[in-house]
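Input: one structure, supplied below.
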Amino acid sequence: MSEIEHPRLILHNFLSPAECKELEFIHKSCSTIGYRPNVFSTTLSHLIATNSPHLIIPFVSIRERLKEKIEETFGCEFELFIEFTGLISWCKGASIGWHSDDNRSYLKQRDFAAVCYLNSYGKDFKGGLFRFQSGEPATVAPSAGDVIMYTADDQNIHSVDEVTDGERLTLALWFSRDSSHDEDAKLLSRLSQCTSHGVCLPLPASTSMYWFCPHHDASNQNIGFDICVARLHLLGFDVHSLQGEDHSMDASEQLMGPLQLAKGGELLTQKFANILHARQVVQFYHWKASELKTSNVENDTLEEVKAMSHSQLENIYTLKSVFLPDENLVTTIFGYSCSDEDRKDSLDLTDISPVIPSWEEYTSKLLKELLSSLPQWKTYQTIHKVESD
């Protein structure tokens, strides 16, 4: 650990590459607008609220390992409580000046912090360096899997440089000595309502939570984009609403209902329950593309792809004009490289349908683990790894 005046610790490769990629998938599948300009976030409570509680499972062992390391590193005499867990991405233009993590009256319960990096400085993003005002190390240029741990008080005043390109992905946790701020207790009260088995179909939050405006200028709906539509667009896919002929329906409502994916003038006949369902499946495809492409898929399992009609094209253009009025803004905010363009071109419309059973299997596996863990979690009022019988 660094000198005692500035208690902090940097660990390399604390998270495995597989853990980083899975958390990246979750964030790009589920994130909403964040707490600062050009920042996007995914909280555990949001996963529950959007009918995706199973996606909490990949966090469980990581949270435990981080808490144990914090308690060991800082010599905590009593057990700490996790106050907040969230995936946070800082995109072009995002930054924060000198501050401590307990610098507001409503943050005084925060005693320790851990920031885990899910991608690498210089490779995945530029700018966005983490700097301490005093003590060593003064600057952190992270690689995927690295974690910074530090006290949340004025012994570790820090800042984040402006991100100039790409997307800086992190998992952030804060810890408290005060049990009244235990995140687990709040999450368990919400999780107690989870009783469904099989596959969870995600339910989008209100459209305002997905609407990104530069400088948070929400008053001008012509400037900005819908995060769900934008994430699909970055991977080369457009959205066709199956409710487009209902002219009494608001455009935002069309994303809440059944829809299809399109690319290059072709339409996939496979139907998705809503925009968040499509977003999760496509991001799963993006995450698992290399291994899914090498697996054998029978031709008769491929969903039919058809040329689009004039009315279907009109519907896609109409939705784009509302939810993605400026495509350049999307690539500016999230960053876009030649490798992104190659990846975008490599994702085929015909491969989406065979991916769905794999996504459903992944979802069902996590949900099964969640439901089998819940009784113990409720008994001990903590979210922890439960060994299977």
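The values are calculated or read from the model by the stated rules, or taken from the named source; none is laboratory data. Since this is a predicted model, take the numbers as computed values, not measurements. Note: ideal-geometry Cβ built from the backbone for every residue, glycine included; neighbour counts use all protein chains shown. Heavy atoms of the whole protein, side chains included, go into the accessibility calculation; ligands, DNA and RNA do not. Shrake-Rupley method; radii C 1.70, N 1.55, O 1.52, S 1.80 Å.
Sort out which residues of region 326-365 are surrounded by fewer than 14 Cβ atoms within 10 Å (Cβ to Cβ), at pLDDT 90 or above and closer than 30 Å to N38 by Cβ, and write them in order of number.
D326, E327, N328
Here is a further query. Scan region 47-79 for residues that are out of contact with any helix residue (DSSP H, G or I) (no Cβ under 6 Å at 6 or more places or on another chain), in a helix (DSSP H, G or I) and open to solvent by 20 Å² or more (accessible area, probe 1.4 Å) and jot them down.
Selection gives A49, S61, E64, R65, K67, E68, K69, E71, E72, T73.
Something else: Sort out which residues of region 40-72 are among the polar types (S, T, N, Q) and either in contact with a Pro (Cβ under 8 Å, 6 or more places away or on another chain) or without any contact (Cβ under 8 Å) to a residue 60 or more places away in the chain (or both), and write them in order of number.
The answer is S41, T42, T43, T50, N51, S52.
Does T318 fit the bill of being at pLDDT 90 or above, surrounded by fewer than 18 Cβ atoms within 10 Å (Cβ to Cβ) and closer than 27 Å to Y362 by Cβ? Break it down into steps so the answer makes sense when it comes.
Working: at pLDDT 90 or above: yes; surrounded by fewer than 18 Cβ atoms within 10 Å (Cβ to Cβ): yes; closer than 27 Å to Y362 by Cβ: no.
In short, no.
Is one or more of the residues making up region 129-144 in contact with a Pro (Cβ under 8 Å, 6 or more places away or on another chain) and without any contact (Cβ under 8 Å) to a residue 60 or more places away in the chain? Full working, then the answer.
First pass over region 129-144, keeping only residues in contact with a Pro (Cβ under 8 Å, 6 or more places away or on another chain): 130, 144.
Filter again for without any contact (Cβ under 8 Å) to a residue 60 or more places away in the chain, leaving 130.
The answer is yes; a qualifying residue exists.
OK, next. Mind checking which strands (runs of 3 or more DSSP E) fall wholly inside region 92-147 and carry at least 2 residues that are more than 12 Å from R168 (Cβ to Cβ) and basic (K, R)?
none
Name, by its number, the condition in (1) modelled with pLDDT under 95; (2) open to solvent by 40 Å² or more (accessible area, probe 1.4 Å) that does not hold for A289.
(2)
Another question about this same structure. For region 99-111, does any single residue satisfy the condition of being on the phi < 0 side of the Ramachandran plot, at pLDDT 95 or above, under 18 Å from the mean Cα position of the chain (by Cα) and not basic (K, R)?
Scanning region 99-111 turns up no residue that is on the phi < 0 side of the Ramachandran plot, at pLDDT 95 or above, under 18 Å from the mean Cα position of the chain (by Cα) and not basic (K, R).
Collect the residues in region 148-174 that are part of a strand (DSSP E or B), acidic (D, E) and open to solvent by 40 Å² or more (accessible area, probe 1.4 Å), keeping them in residue-number order.
D165
Also, I was wondering about something else. Go through (1) open to solvent by 20 Å² or more (accessible area, probe 1.4 Å); (2) in contact with an Asp or Glu (Cβ under 6 Å, 6 or more places away or on another chain); (3) of a type in the set (S, T, Y) and name the single condition Y117 misses.
(1) is the only condition that Y117 fails.
Provide a single number: the residues in region 372-389 that are under 22 Å from the mean Cα position of the chain (by Cα) and either buried (at least 18 other Cβ atoms within 10 Å of the Cβ) or part of a helix (DSSP H, G or I) (or both).
Residues in region 372-389 being under 22 Å from the mean Cα position of the chain (by Cα) and either buried (at least 18 other Cβ atoms within 10 Å of the Cβ) or part of a helix (DSSP H, G or I) (or both): 1 in total.
Tally the residues that are buried (at least 18 other Cβ atoms within 10 Å of the Cβ) and basic (K, R), restricting the search to region 257-283.
Within region 257-283, residues that are buried (at least 18 other Cβ atoms within 10 Å of the Cβ) and basic (K, R) number 2.
On to the next question. Restricting to region 186-202, name every residue that is hydrophobic (A, V, I, L, M, F, W, C) and modelled with pLDDT under 95. Full working, then the answer.
Filtering region 186-202 for residues hydrophobic (A, V, I, L, M, F, W, C) gives 187-188, 191, 194, 199-201.
Answer for region 186-202, where residues must be hydrophobic (A, V, I, L, M, F, W, C) and modelled with pLDDT under 95: L191, C194, V199, C200, L201.
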